[in-house]
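Novice: First the structure, then my questions, so here it is.
The values are calculated or read from the model by the stated rules, or taken from the named source; none is laboratory data. Note that the structure is a prediction, hence the values are computed from the model and not measured. With ideal geometry, Cβ positions are generated from the backbone for all residues, glycine too; neighbour counts draw on all protein chains shown. Keep in mind that these areas ignore ligands, DNA and RNA; they rest on the heavy atoms of the full protein, side chains included. Shrake-Rupley method; radii C 1.70, N 1.55, O 1.52, S 1.80 Å.
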Amino acid sequence: MERTKAYLETQHPRAFATSTATLGSFPAIVGGEYATGDGLGEATSVATAFDCRRIGITTNHLLSAAYGYADAFDSFTSPKGGGETLKEKGAVLLERGTLAYEIASWGWNRYQALRSRVTDLEKSFRPAEDVIEQFLAEREGREEWFGWLHFMEPHHPYDPEDASVSRAEAQRVSRRVLAGRGSVADETLVRDLYRQEVVELDRKLARLWDAIPDETRVVFCADHGELLGEDGLWGHPGEMRPELLTVPFGTRNAPDLGEVVSLIDVPTILTGREHGVGTLEREVAFAAYGERTAAMNAEHVATDDHTVRLSDGEPATDPALEKQLERFDPDYVVTEDALREDLEDLGYA
């Protein structure tokens, strides 16, 4: 992302997610709190700290008003959620794990598969350029404002605009590979599609970087990493792996930070003062997914199973970090349901 890297003043290579799923990371990014499985905690939004026009635009239904993310924003736009769509209304009535639920899920996924055969298929999510244009229109003429912009790209099914195949084929191949049924050629194509989505997002973000004032304080990050075939794994399952826990993170006009950064520090970085459990001087970061936990410092990742070096993923020992992990006990109840819901919505499960 050459344009974005050139815009950001500082990059932080030791930045870590608080979870390997969207549902577990955004309460940290927006609220400075570890997730409890109920969405954003009441009155925790960083938007409460700003006395100006507050604009929020998200492209993921898990970050909708139904999960508390509209709190304190003057303008908030997100996909429908919380039982508003036909599929979600049905999910409310069907208990997970039952035969009726499995039949309904199968039907939805068949619909998604058939839909991907349409030649003029639209992108799976609201494209970044739409989000940027809406945000710039809403902040036009305002000297002071706070903005939260969330983009889905890059995200499976990978279907960039300049792909070597049609959008329908890109989505079909992505789903095939994520489901473990792809050929070697399919896997190579999916990696190329992923990289192309990253390049295209960078090109679209250039419009945003050029439009906002130079003195704007900016935090740029992702909510989790992505697996592209490592050990046969794809996407972002709940594995506590360095590839999923390490996230891109850059800042502009922000306070100085320590060597280690956590997504839970984002509200503190934006406001310049304590917000939730964030800090500007971190030595250890933590993550959780269901009952699985991890602790990360500048050199290692410690999980319930083992400790590995960040540099090469090889086994290591770090007694101090492992002790920190033992003491980490957030009230964290997010389970694999979040991953299941993502996969179902995208037509994989």
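Novice: Which one of 18, 22 is surrounded by 21 or more Cβ atoms within 10 Å (Cβ to Cβ), β-branched (Val, Ile, Thr), at pLDDT 95 or above and under 14 Å from the mean Cα position of the chain (by Cα)? Step through it out loud before you land on a result.
Specialist: Working: 22 fails: at pLDDT 95 or above.
It is 18.
Novice: Within region 119-150, take every residue that is part of a helix (DSSP H, G or I), among the aliphatic types (A, V, I, L, M) and touching a residue at least 60 places away in the same chain (Cβ under 8 Å) and give me the one that is most open to solvent (accessible area, probe 1.4 Å).
Specialist: Quick first cut of region 119-150, residues part of a helix (DSSP H, G or I) only: 128-139.
Pick out the ones that are also among the aliphatic types (A, V, I, L, M) and you get 128, 131-132, 136-137.
If we keep only those that are touching a residue at least 60 places away in the same chain (Cβ under 8 Å) as well, we get 128, 131-132, 136.
Working: 128: 0, 131: 0, 132: 2, 136: 17 Å².
So, considering only residues that are part of a helix (DSSP H, G or I), among the aliphatic types (A, V, I, L, M) and touching a residue at least 60 places away in the same chain (Cβ under 8 Å), the one most open to solvent (accessible area, probe 1.4 Å) is 136.
Novice: So residue 86 clears everything in (1) among the hydrophobic types (A, V, I, L, M, F, W, C); (2) within 30 Å of residue 187 (Cα to Cα); (3) at pLDDT below 90 except one condition, right? Which one?
Specialist: (2)
Novice: With the condition kept exactly as written, say whether any residue in region 151-169 is in contact with a strand residue (DSSP E or B) (Cβ under 9 Å, 6 or more places away or on another chain), β-branched (Val, Ile, Thr) and either open to solvent by less than 50 Å² (accessible area, probe 1.4 Å) or modelled with pLDDT under 95 (or both).
Specialist: no
Novice: Sticking with this one: Please go through (1) open to solvent by 50 Å² or more (accessible area, probe 1.4 Å); (2) in contact (Cβ under 8 Å) with a residue 40 or more places away in the chain; (3) under 21 Å from residue 132 (Cα atoms) for residue 198 and return the number of the only condition it doesn't satisfy.
Specialist: Looking at each condition in turn, residue 198 falls short on (1).
Novice: Is there a residue being in contact (Cβ under 8 Å) with a residue 24 or more places away in the chain, touching a Phe, Trp or Tyr at 6+ places or on another chain (Cβ under 6 Å) and either within 22 Å of residue 1 (Cβ to Cβ) or small (Gly, Ala, Ser) (or both) anywhere in region 263-282?
Specialist: The answer is no, given that none of the residues of region 263-282 is in contact (Cβ under 8 Å) with a residue 24 or more places away in the chain, touching a Phe, Trp or Tyr at 6+ places or on another chain (Cβ under 6 Å) and either within 22 Å of residue 1 (Cβ to Cβ) or small (Gly, Ala, Ser) (or both).
Novice: A further question follows. Looking at region 29-58, which of its residues are of a type in the set (Val, Ile, Thr), assigned to a loop (DSSP other than H, G, I, E, B) and open to solvent by less than 10 Å² (accessible area, probe 1.4 Å)?
Specialist: Going through region 29-58, the residues of a type in the set (Val, Ile, Thr) turn out to be 29-30, 36, 44, 46, 48, 55, 57-58.
Keeping just the survivors that are assigned to a loop (DSSP other than H, G, I, E, B) gives 36, 44, 58.
If the condition is that a residue be of a type in the set (Val, Ile, Thr), assigned to a loop (DSSP other than H, G, I, E, B) and open to solvent by less than 10 Å² (accessible area, probe 1.4 Å), then 58 is the only one that fits.
Novice: Can residue 223 be described as open to solvent by less than 60 Å² (accessible area, probe 1.4 Å), part of a loop (DSSP other than H, G, I, E, B) and either modelled with pLDDT of 95 or more or among the charged types (D, E, K, R) (or both)? Give the steps one after another, and end with the answer.
Specialist: Values: open to solvent by less than 60 Å² (accessible area, probe 1.4 Å): yes; part of a loop (DSSP other than H, G, I, E, B): yes; either modelled with pLDDT of 95 or more or among the charged types (D, E, K, R) (or both): yes.
Yes: the conditions hold for residue 223.
Novice: Considering (1) over 20 Å from residue 194 (Cα atoms); (2) modelled with pLDDT of 95 or more, say which one residue 240 fails and leave the rest.
Specialist: Condition not satisfied by residue 240: (2).
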